[in-house]
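Notes follow once the structure below has been shown.
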Amino acid sequence: MITQEHFKLLAAYNRWANARLYAAALDLSELSYRLHTGVYFGSLHGTLNHLLLTDRLWLKRLTGEGDLPNDLNAILYEDRIELTKARIAEDNRIVEVTGKYDETALRGLHSYRTTSGMPQSQVLADILLHLFNHQTHHRGQAHACLSILTGGEPPSLDLLAFQRGGAAPNLEKLIASKPADCKKDKERTSLP
């Protein structure tokens, strides 16, 4: 059985990996960031929105609080700075929520409704495993987008790199320095 400490580790790793991924995404031009690369949700922008959306969906199911998006393809944020701010908040929320579950809660059943409205019950630990596995799966797609778009090697997202103390960028500081540049990119790409 995976313990509370394992889920705390996965939540911290999730936040770390997302920070590294988002920092690389913020370095792209607007055109590259939105370019269709053949991944399931089309682009890096679509993939990052999907990840935020599904994290919100699961946290709503787990806590009863927050947004409950209906469409798994929805774009929650067109602006990547706003998307980054929302990602920071959601990752902090995941750390907080998963840190509150004790061993008894993790072994217990949790009931919720699927997106089609069907009642479902699962062991809480299994739900959390899905949440983190889903993040890893789509972060892998986002990582592939970065490889395609830059022709280089994106930052490592390996759990071992996290466990060995690999640095994560401070996204709040990074986005504070980006808005003017991102706005200029948007203006250039939206000209007729």
Within 10 Å, count the other beta carbons around each residue, average over each peptide in 58-69, 113-124, 35-46, and list them highest first. 35-46, 58-69, 113-124
Can you give me the C-alpha center-to-center distance between segment 127-154 and segment 34-103, rounded to a whole angstrom? 13 Å
Heavy-atom accessible area per residue of the chain, all protein chains kept, 1.4 Å probe, expressed in Å², is 52 Å²
Folded to 0 to 90 degrees: helix 124-150 orientation relative to the chain principal axis, Cα: 10 degrees
Segment 1-149 - percent relative contact order, Cα under 8 Å, separation 6 or more: 32 percent
Per the 1.4 Å probe, what fraction of the accessible area of segment 35-192, in percent, lies on carbon and sulfur atoms? 53 percent
Using only the alpha-carbon atoms, how far is helix 44-63 inclined from the longest principal axis of the chain? Give it as 0 to 90 degrees, nearest 10. 20 degrees
More than 17 angstrom separation, counting every C-alpha pair in segment 52-184; what % is that? 69 percent
I want the local charge near Q4. Using Cβ-Cβ distances under 15 Å, sum +1 for each Lys or Arg and -1 for each Asp or Glu among the other residues. -2
Between the Cα axis of helix 179-189 and the main Cα principal axis of the chain, the angle (0 to 90°, nearest 10) is 60 degrees
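The values are calculated or read from the model by the stated rules, or taken from the named source; none is laboratory data. Predicted model only: the values in this text are computed from it and were never measured. Ideal geometry is used to build each Cβ from the backbone, glycine not excepted, and the neighbour counts take in all protein chains shown. The accessibility values were calculated without ligands, DNA or RNA, using every heavy atom of the protein model including side chains. Shrake-Rupley method; radii C 1.70, N 1.55, O 1.52, S 1.80 Å.
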